[in-house]
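These notes are about the structure you will find just below.
The values are calculated or read from the model by the stated rules, or taken from the named source; none is laboratory data. Since this is a predicted model, take the numbers as computed values, not measurements. Neighbour counts are summed over all protein chains in view; Cβ atoms, including those assigned to glycine, are modelled from backbone coordinates with ideal geometry. In case anyone asks, the SASA skips ligands and DNA or RNA and just uses the protein heavy atoms, side chains included. Shrake-Rupley method; radii C 1.70, N 1.55, O 1.52, S 1.80 Å.
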Amino acid sequence: MAEKKKATTKKTESKKEDTKKVAPVKQEVKKQAAAPAAKPKAAAASAAAPAKATVGSTTKQGDARIGVFICHCGTNIAGSMDIEAVQAYAKTLPNVAYVDNYKYMCSMPGQSVINKAVKENKLTGVVVAACSPRLHEPTFRTATKESGLNPFRFEMANIREQNSWVHMHDREGSTDKAKDAVRIAVAKAALLQDLFPKSVPVEKAAMVVGAGVAGMQAALDLAAAGIKTYLIESDMSIGGRMSQLDKTFPTLDCSQCILTPKMVDVGRSDKIELMTWSEVHEVEGYIGNFDVTIRKKARGVMTPKEAEAKGIVGGGCNGCGDCEAVCPVVKPNEFEIGMKPRKAIYINHPQVVPLIYTIDFNSCVKCGLCVTACGPEKRAIDLEMKDEFVKVKVGTAILATGYDIFPIEKKEEWGYKRFENVITSLEFERLICASGPTGGHLVRPSDGQTPKRVAFVLCAGSRDNTGTGKPYCSRFCCMYSLKHAHQIIEKIPGCVPYIFYMDIRSFGKMYEEFYYRIQDEGAKFIRGRVANILEDPKTKNLHVMTDDTLLNRPVDMEVDMVVLAAAIQPKEDTNRTRKLFGVSCSMDGWLLEAHPKLNPCGTTTAGVFLAGVCQGPKDIPDTVASAEGAASAASIPIHMGEVELEPYFASCIEEKCAGCGMCVNLCPYSALSLVEKDGRTVMQVTEAKCKGCGTCGGFCPGGAIWMNHFATPQIVAQIDAFLLGGEQ
Amino acid sequence: MIIMARTKGYPEALEKKLRDQRYYREDSNPDFTKNVKAISRTIPHMCYQCGTCTGSCPSAPRSSYRIRHFMRRAVLGLENEALTDPDLWLCTTCYSCSDRCPRDIIPTDVIMAMRNLAFKRDIVPVNFLKTVQAIYSSGHGVPNNDVNRAAREKLGLTRDPPTTHMYPEYIKGIQKILDHYKLKANADRIVKEREG
């Protein structure tokens with residue numbers, strides 16, 4: 001308690017000092033504050049119609065009548081501060097005409113308190129002291145609008161997230177802080193202006209980046225809603241990770257069997273323009289009007305459509321594979337994780353969509369044998385093909401860029417890439433898959449023998465805080481490892497799977513039942529994280545060392561094969577993609593959603609949405625659900641036809657503008673330009689592009705840029721209110 | 001005597017099993033967790049009991065030492081149980097567990113912290129104290145001997161290493177440090193108490 005008192009006295013002391021220091025500044029501020037009153041008149045006089053719409057009437061400071069409404073939020077706020085004291089204090093503030101409090105301000109009765117008070121007291125502005133504006137600013141704006149005021153005559157004081165929740169045990173301190181917050185909000189509210197949001201038309205097309213199961217589902221949904229959709233895939237064929245899997249848990253559906261119909265639908269839909277072997281090169285614009293440049297990587301092979309465009313009627317690749325047969329170059333097939341060879345001209349696997357061959361120009365020797373094999377009728381191969389750039393315009397975009405496998409060799413104790421018989425789960429999928437390199441026979445890479453004892457290492461690189469691995473749970477490894485155990489019990493009589501686990505996370509529908517089933521089938525579960533793996537150099541068998549934590553005994557188990565359930569991580573080029581679209585990523589590298597619970601598909605960039613694993617680890621059902629959510633969200637602006645933009649843009653006070661153009665170069669959104677007006681060069685704002693970041697407004701040496709809703713006089717009034725303790 | 005009546009003379013192992021081995025709230029000392037954390041400068045309270053430490057431990061397969069068990073006691077604050085367990089002194093401080101712990105804890109340092117706390121209560125095996133005495137008199141925990149000297153000579157090294165063996169005048173400095181912490185005096189006292 002003594003410490004607290006000291007702190008308070010210090011605060012008052014510094015406040016006094018500040019008052020002295022600030023005093024001269026204050027006068028200047030008043031001069032500046034005169035500017036807004038003059039400005040709208042000038043703007044209105046100089047006639048441009050949009051200017052009228054953006055800047056409305058300003059209440060002179062003396063005439064402002066502010067209503068302050070303090071929310072208890074149950075006990076969230078009222079439990080940690082003295083609401084009555086804050087209310088009594090608010091009454092003493094200049095311009096405050098009405099003060100009230102209510103248990104839940106956001107409820108219908110709470111909102112009608114505002115409505116009634118505005119009408120009865122002829123209020124010109126509303127301040128609600130409650131939670132974060134991220135949560136309820138829209139709610140109270142609507143309430144302000146319904147009471148007859150312009151919705152932008154509302155200001156929020158955050159006394160919950162930034163006060164009562166963090167100062168839960170300091171009643172006195174949080175009450176003082178709430179008083180500060182209310183005083184600051186009132187100071188701004190007295191200077192708020194009427195603002196009118198702008199509407200911009202929305203292009204009736206969408207784009208989906210990545211054609212795995214998430215991207216395909218999103219594109220199919222958008223197409224079904226009648227929206228032209230560009231589906232961009234950087235690989236040569238669609239299907240993504242799911243097309244590499246053999247069976248899927250817990251139903252044991254064959255992955256290809258349930259995926260192929262979707263792939264075919266994507267290829268067939270006349271609303272979907274599928275662009276494989278392509279990448280997003282550049283993105284410009286904003287919600288409703290994204291101008292996207294797509295780089296079509298040189299494929300070396302023409303589709304029938306492309307051939308026809310070049311005048312080769314009946315030509316183009318028909319997927320016959322004659323070229324592949326004659327190609328002399330042999331490389332490891334990445335789709336099979338290097339366990340099968342491919343040629344320099346190749347397809348990933350027999351069921352690819354689209355069935356068009358691709359040349360790997362990094363290994364092609366340009367011998368021309370494929371051109372001859374393709375023949376004079378198809379003439380599909382062009383060894384001199386160059387990258388092409390295609391421009392499209394879309395209203396909204398969905399990112400579905402998926403994931404990579406964590407390079408598990410970094411965890412050296414498990415010996416991946418050192419010991420032949422240590423493989424990853426994705427390699428297991430290919431080995432157990434009938435269309436894989438071994439035709440579905442699980443064999444030891446060292447000698448081709450069928451294993452009889454297989455160890456599964458769960459949480460390999462996941463739930464790891466060392467900095468080498470990933471701190472998160474990869475969410476689907478438990479379940480696919482159970483499925484793997486089932487598959488070897490089913491395919492190899494007498495083979496025993498040993499599952500080394502920390503926790504089995506079988507959280508989904510029918511997942512726990514699946515766990516029961518696999519245990520019943522004979523899988524052995526050992527609760528212990530694998531400490532290290534050693535190889536017997538003669539037999540190439542492996543010794544798995546761990547602690548059976550339930551027996552409290554160390555374990556040294558000799559097995560024939562080890563399968564590491566490696567962690568997953570964001571795609572390598574995620575950073576490039578997210579910068580193109582202005583999307584953030586969270587601490588762990590996955591793309592950041594607008595709200596983890598209430599807006600998991602949205603991003604902080606309007607019109608850009610997330611689907612599937614690029615937002616965080618998901619199994620197939622969750623991925624598909626997230627894709628459908630993203631498609632639904634992305635179709636809303638397109639169906640509405642236009643979107644309302646927050647009127648927070650910058651505007652130019654033309655008589656102050658010297659036309660220096662420094663702001664034009666600073667603007668991160670290319671929203672500013674210089675134009676000739678009445679014989680002078682002045683800056684002009686493209687309001688639809690402006691995000692209201694304030695970079696230009698803060699920089700302008702002549703003070704000629706007016707940031708709507710965050711204008712200099714408004715912000716200076718807030719700072720004054722804080723430093724001067726309420727004196728205006 | 002009551003126990004004898006209950007088990008009617010069954011072997012001692014069964015007697016041990018029948019003992020009440022639950023832990024109660026009063027067994028747990030939250031300050032123990034805090035002290036171990038402060039002395040070890042690592043995060044023992046973050047252990048999620050995966051077993052990587054015991055799985056890595058070269059001592060575990062050869063003894064009853066279970067480092068995960070000690071980590072659990074650190075989490076729960078089971079001070080008496082941890083400090084009176086003779087297994088506490090079986091760690092070879094190889095740091096394999098610390099290399100591999102996925103929670104980035106340093107279990108070896110947790111054990112060292114517990115040993116320090118145990119020593120404060122005079123709980124320490126005599127062989128550790130004899131090491132203290134050896135360091136005090138020679139500057140070495142394991143002083144040089146004739147077998148080593150012959151081996152060194154064979155390898156073309158000096159018979160004694162360039163330590164206090166070669167420069168015995170520096171032993172005084174080591175003794176000063178040990179005296180400052182009363183390590184030697186305590187060791188002598190406890191050895192005398194145990195061995196008479």
- Dipole of the range B:23-162, Cα-centred, from +1 at each Lys and Arg C-beta and -1 at each Asp and Glu C-beta, to the nearest 20 debye? 260 debye
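Let me make sure I get this right: for the range A:234-301, a, b and c are the square roots of the gyration tensor eigenvalues over alpha carbons, sorted descending. Under 1.5 in a/c it's rounded, otherwise prolate if a/b > b/c, else oblate. Which is it?
prolate
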- Item | Long-range amide H partners of A:Phe609 with built H, under 5 Å | A:Ala397, A:Ile398, A:Leu399
- Task: Have a look at the range A:526-553 and report residues whose accessible surface goes down by 20 Å² or more when the remaining protein chains are included, against the chain on its own, probe 1.4 Å, ligands and DNA/RNA excluded.
- Result: A:Arg527, A:Arg529, A:Ala531, A:Asn532, A:Asp547, A:Thr549, A:Asn552
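Please work out the FRET efficiency for the pair A:Asp520 and A:Leu551, using the Cβ-Cβ distance as r and a Förster radius of 22 Å; give the result to the nearest 0.05. Don't skip to the end; give the middle numbers.
Working: r = 22 Å, r/R0 = 0.98.
With a Förster radius of 22 Å, E is 0.55.
Calculate, for the range A:298-386, the solvent-accessible area per residue in square angstrom, rolling a 1.4 angstrom probe over the heavy atoms of the protein chains.
51 Å²
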- Determine the order of B:Trp89, A:Trp414 by accessible area, beginning with the largest, at a probe radius of 1.4 Å. B:Trp89, A:Trp414
- Per-selection Rg to Rh, the range B:38-115 - Cα, Kirkwood hydrodynamic radius: 0.90
- Query: Which value results when the Cα radius of gyration for the range A:406-569 is divided by 2.2 N^0.38 Å?
  - Reply: 0.97
- If N is the residue count of the range A:195-351, its Cα Rg over 2.2 N^0.38 Å rounds to 1.23
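Just to be sure I understand: if you take the accessible area of chain B alone plus chain A alone and subtract the pair, with a 1.4 Å probe, what total do you get in Å², rounded to 100?
Using a 1.4 Å probe, the pair buries roughly 1500 Å².
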- Task: Choose one of A:Pro600, A:Thr466, A:Thr577: the residue whose Cα lies farthest towards the positive end of the charge dipole of the protein assembly as shown (beta-carbon charges +1 Lys, Arg; -1 Asp, Glu; about the Cα centre).
- Result: A:Thr466
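Given a Förster radius of 45 Å and the C-beta distance between A:Lys391 and A:Asp678 as r, what FRET efficiency does 1/(1 + (r/R0)^6) yield to the nearest 0.05?
0.80
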- Mind putting a number on the dipole of the protein assembly as shown about its Cα centre? Charges go on the C-beta only, +1 for Lys and Arg and -1 for Asp and Glu, and I need it in Debye to the nearest 20. 2200 debye
- Query: Can you tell which of B:His165, B:Leu90, B:Ala113 lies farthest toward the positive end of the dipole of the range B:52-166, using +1 and -1 charges on the Cβ of basic and acidic side chains (Lys, Arg; Asp, Glu)?
  - Reply: B:Leu90
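So if I place +1 on the C-beta of Lys and Arg and -1 on the C-beta of Asp and Glu, and nothing else carries charge, what would the dipole magnitude of the range A:406-569 be about its Cα centre? I want it in debye, nearest 20.
300 debye
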- For labels at A:Thr142 and A:Phe196 in the simple 7 Å Cα→Cβ model, what's the distance in nm? 2.3 nm
- Task: Could you work out, residue by residue across A:496-505, how many beta carbons of other chains sit within 10 Å of that residue's beta carbon, and then give the average as an integer?
- Result: 1
- Query: Which ³J(HN,Hα) values in Hz, rounded to whole numbers, follow from the phi angles of the range A:248-258 under the Karplus curve 6.51 cos²θ - 1.76 cosθ + 1.60, where θ = phi - 60° and Gly and Pro get x?
  - Reply: 10, 7, x, 8, 6, 5, 6, 4, 4, 5, 8
- Could you list which residues have their amide H under 5 Å from that of A:His595, counting only those 5 or more apart in sequence or on another chain, with H placed in the peptide plane? A:Gly602
- Message: Counting only helical runs of four or more DSSP H residues, what would the 222 nm mean residue ellipticity of chain A come to if each run contributes -39,500 (n - 2.57) and the total is spread over all its residues?
- Response: -10500 deg cm²/dmol
- Query: How would A:Glu642, A:Glu593 rank on accessible area, largest to smallest, probe 1.4 Å?
  - Reply: A:Glu642, A:Glu593
- Task: Please sort B:13-19, A:495-501, A:277-283 by packing, taking for each peptide the average over its residues of neighbouring beta carbons within 10 angstrom, highest first.
- Result: A:495-501, A:277-283, B:13-19
- Karplus couplings for the range A:270-279 from phi (6.51 cos²θ - 1.76 cosθ + 1.60, θ = phi - 60°), rounded to Hz, Gly and Pro as x? 7, 8, 9, 9, 7, 10, 8, 6, 9, 9
- Honestly chain A on the Cα gyration tensor test (a ≥ b ≥ c root eigenvalues; a/c under 1.5 rounded, otherwise a/b vs b/c for prolate or oblate) is just oblate
- Potential lengthening between B:Asn127 and B:Ile39 on full extension [0.36 nm per residue; Cα-Cα distance subtracted]: 29.3 nm
- With a point put 7 Å past each Cα toward its Cβ, work out how far B:Thr158 is from B:Val142 in nm, to one decimal. 2.1 nm
- Item | Heavy atoms of A:Met510: accessible area, 1.4 Å probe, square angstrom to 10 | 100 Å²
- Using only the alpha carbon atoms of the range A:298-386, find the Kirkwood hydrodynamic radius as the inverse mean reciprocal pair distance, in angstroms to one decimal. 13.1 Å
- Item | Global geometry of the range A:147-286, whether rounded, prolate or oblate, following the gyration tensor of its Cα atoms and the 1.5 cut on a/c | prolate
- Would you list A:Ser635, A:Ser234 from the most to the least accessible area, probe 1.4 Å? A:Ser234, A:Ser635
- Note on the structure: For the range A:159-166, in residue order, the Karplus 3J(HN,Hα) values (coefficients 6.51, -1.76, 1.60; θ = phi - 60°; whole Hz; Gly and Pro = x) are 10, 10, 4, 9, 9, 4, 6, 9
- Query: Which cysteines does chain B leave without a neighbouring Cys Cβ under 4.7 Å?
  - Reply: B:Cys47, B:Cys50, B:Cys57, B:Cys91, B:Cys94, B:Cys101
- Looking only at the range A:377-415, which residues have a backbone nitrogen under 18 Å from a spot 7 Å from the Cα of A:His639 in the C-beta direction? A:395-398
- Distance in Å, no decimals, from the C-alpha centre of the range A:193-212 to the one of the range A:477-535 is 47 Å
- Task: Could I have the simple spin-label model distance between B:Lys192 and A:Phe507, label points 7 Å from Cα toward Cβ, reported in nm to one decimal?
- Result: 6.3 nm
